[in-house]
Amino acid sequence: MAMEMRLPVARKPLSESVGRDTKKHLVVPGDTITTDTGFMRGHGTYMGEEKLIASVAGSVERVNKLICVKALKTRYNGEVGDIVVGRITEVQQKRWKVETNSRLDSVLLLSSMNLPGGELRRRSAEDELAMRGFLQEGDLISVSCTLDYSVSVLYTELGNGALIAEVQAVFSDGAVSLHTRSLKYGKLGQGVLVQVSPSLVKRQKTHFHDLPCGASVILGSNGFIWIYPTPEHKEEDAGGFTANLEPVALADREVISRLRNCIISLVTQRMMLYDTSILYCYEASLPHQIKDLLKPEIMEEVVMETRQRLLEQEG
């Protein structure tokens, strides 16, 4: 029986600036944030005995006079305009229910999506009968959010039938309404899904990134990250209903696997996920084999080098 033994080794000396990273004000439930009554109470806080007290474990964030606590680990709370990745769980009348890592299932209305080919017209009874032909249970999608009364999100994993969308609205109970009216949203083809805490995904202007290593990532605001080989030419005339199911080359699969392990390493060390941090971590991991990136000591080494490069870039 083969057995692998690992011995502790000395850490590589890194710049002292790594240890001087910006310190966050971390609190646990019951901690007093401030006794100043001039601040306003935000999410994750409550007033008690003229003191502002934390109700969740997380980091304190201040915007002018507003104080809130951002939970370190939580379900996805949808916001209008978010790009999310999810999976169809049920086909209902004129709508689909979507799993989006939130407390409630999200909703994708038939009227909130493009018809095949990007055709613009009113939805008819024939379209309603053909809903399962568009999207069925198990399909993965990416979507986006836009209005402030409902929100829904979707996720994808290794396999076929994935889709991307945008949060269109958030209801009072926290449910999410999605839409796929842009041709950049729709089913996802060959790729790998990585599920992380939504609090670790950095909000940016764009969540679609083509990395120079030959793969692309979709950073869903709901914590679902889709990694797939970068297509040679993007087909936007199919309305988001066709998925490329061609076999993926071995070199592309190795790049995707390395990116997946790099993301897991960053999450293990509680680092924010965005295109630059993922790319730096990928470059720092090249001296190691893909399978070795899951070893704790290799994870720590790669992430420390990534953190140092990010700090040097910030100057």
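The values are calculated or read from the model by the stated rules, or taken from the named source; none is laboratory data. Everything numeric here is computed off the predicted structure, so don't read it as measured data. Quick reminder, even Gly has a Cβ in these numbers, built from the backbone with ideal geometry, and neighbours come from all protein chains shown. Accessible surface is based on the protein model in full, side chains and every heavy atom, while ligands, DNA and RNA are left aside. Shrake-Rupley method; radii C 1.70, N 1.55, O 1.52, S 1.80 Å.
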The set of residues whose placed amide H lies less than 5 Å from the amide H of Arg103, leaving out same-chain residues fewer than 5 positions away, is Tyr76
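Grab the beta carbon distance between Met272 and Ser111, set R0 = 35 Å, and tell me the FRET efficiency rounded to 0.05.
Numbers: r = 36 Å, r/R0 = 1.02.
In this case the efficiency is close to 0.45.
Of Lys24/Lys51; Lys97/Lys187; Lys24/Lys291, which ones are farther than 23 Å apart at the Cα?
Beyond 23 Å: Lys24/Lys291.
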Using amide H atoms built 1.01 Å from N in the peptide plane, name the residues 5+ places from Ala215, or on other chains, whose amide H lies under 5 Å from its own.
-> Thr230
Length gain on complete extension for the stretch His43 to Leu129, per 0.36 nm per residue less the alpha carbon to alpha carbon distance?
-> 26.7 nm
Can you tell me which of 95-108, 187-200 comes out highest on packing, and rank the rest after it, using the mean Cβ neighbours within 10 Å?
-> 95-108, 187-200
What distance in nm separates the simple spin-label points at Leu250 and His25, each placed 7 Å from Cα in the Cβ direction?
-> 5.6 nm
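Normalised by the number of residues in the stretch 27-71, what is the relative contact order in percent for Cα pairs under 8 Å and 6+ residues apart? Before the final figure, lay out each step's value.
On the way: 102 pairs, mean separation 18.6, N = 45.
The value is 41 percent.
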What nm distance separates the two modelled labels at Ile264 and Glu297, each placed 7 Å from Cα along Cα→Cβ?
-> 1.9 nm
Expected sort for 291-301, 122-132 on mean C-beta neighbours within 10 Å, highest first, is 291-301, 122-132
Could you check how much of the accessible area of the stretch 27-71 is carbon and sulfur, as a whole percent, using a 1.4 Å probe?
-> 51 percent
List every residue whose amide H lies under 5 Å from the amide H of Leu66, counting only residues 5 or more places away in sequence or on a different chain, with H placed 1.01 Å from N in the peptide plane.
-> Met40
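Could you state, as a whole-number percent, how many of the C-alpha pairs of the stretch 27-71 are farther apart than 15 Å?
Working: 261 of 990 pairs.
Counting every Cα pair in the stretch 27-71, those more than 15 Å apart make up 26 percent.
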